[in-house]
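Colleague: If you scroll down you'll find the structure; I have some questions about it.
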Amino acid sequence: MSNTENDVVEAWHDHGVPGWRELPIIPAQIRVSDGSGGLTKIARAWIAKHYPTHMQIPGAPIITERARYATRHVNGRSPWGGYDIASVALDRSDPELERLEPPPHRAGATALEAAPPRRPAGTHKSPAVLSR
């Protein structure tokens, strides 16, 4: 069971929008909202250039890099009326994949020594994480 609104939004997207976790993350340097409920010209241009055509459809989400405390997914803020998903969603594993992969372990290893969980191939990290 899920405990948060974000978990529900992510689960819905996992079911209804396959491949959403592979979308490019709009960098924090690009201001997305124009303040009146629309997108800035620079955000629209960046999305048009970087998002795959098959994901530029009604209801499709965008993924934005956000400040540490701005992690709520916002409905209706993509150019197509879908969610603006905070990039923190990609920092967590896909629950569906967690059920399919056995936990990593070695004989005699403690939980702290076990290998960290692997991210699915192609999963994006936010630009801020990559520059560290």
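Colleague: Does any residue in region 59-86 that is closer than 20 Å to LYS49 by Cβ come within less than 6 Å, Cβ to Cβ, of a residue that is assigned to a loop (DSSP other than H, G, I, E, B) and aromatic (Phe, Trp, Tyr) six or more places away or on a different chain, and which pairs are these?
Modeller: ALA60/TRP80; PRO61/TYR83
Colleague: Find the residue count for region 52-99, including only residues that are in a helix (DSSP H, G or I), modelled with pLDDT under 90 and among the hydrophobic types (A, V, I, L, M, F, W, C).
Modeller: Of the residues in that region, 4 qualify.
Colleague: A further question on this structure: Looking at (1) within 24 Å of GLU5 (Cα to Cα); (2) assigned to a loop (DSSP other than H, G, I, E, B); (3) at pLDDT below 90; (4) in contact with a helix residue (DSSP H, G or I) (Cβ under 8 Å, 6 or more places away or on another chain), can you tell me which one GLY122 breaks?
Modeller: Tallying (1) within 24 Å of GLU5 (Cα to Cα); (2) assigned to a loop (DSSP other than H, G, I, E, B); (3) at pLDDT below 90; (4) in contact with a helix residue (DSSP H, G or I) (Cβ under 8 Å, 6 or more places away or on another chain), GLY122 fails exactly one: (1).
Colleague: Could you count how many residues in region 54-85 are polar (S, T, N, Q) and over 15 Å from the mean Cα position of the chain (by Cα)? Give the derivation first.
Modeller: Looking only at region 54-85, we keep the residues that are polar (S, T, N, Q), and these are 56, 64, 71, 75, 78.
Now restrict to residues that are over 15 Å from the mean Cα position of the chain (by Cα): 56.
Residues in region 54-85 being polar (S, T, N, Q) and over 15 Å from the mean Cα position of the chain (by Cα): 1 in total.
Colleague: Do you know which residues across region 21-51 are outside any loop (DSSP other than H, G, I, E, B) and either small (Gly, Ala, Ser) or free of Cβ contacts under 8 Å to residues at least 12 places away in the same chain (or both)?
Modeller: Within region 21-51, SER33, LYS41, ALA43, ALA45, ALA48, LYS49 qualify.
Colleague: Quick check on region 1-53: of everything there that is small (Gly, Ala, Ser) and under 12 Å from the mean Cα position of the chain (by Cα), which residue is surrounded by the fewest Cβ atoms within 10 Å (Cβ to Cβ)? Quick ask: steps written out before the conclusion?
Modeller: Let us first name the residues in region 1-53 that are small (Gly, Ala, Ser), namely 2, 11, 16, 19, 28, 33, 35-38, 43, 45, 48.
Right, trim to under 12 Å from the mean Cα position of the chain (by Cα) and you get 11, 19.
Values: ALA11: 14, GLY19: 12.
Only one residue fits best here, namely GLY19.
The values are calculated or read from the model by the stated rules, or taken from the named source; none is laboratory data. Keep in mind it's a predicted model, so treat the numbers as computed, not measured. Methodologically, a virtual Cβ is constructed for each residue, glycine included, from the backbone with ideal geometry; neighbour enumeration extends over all protein chains shown.
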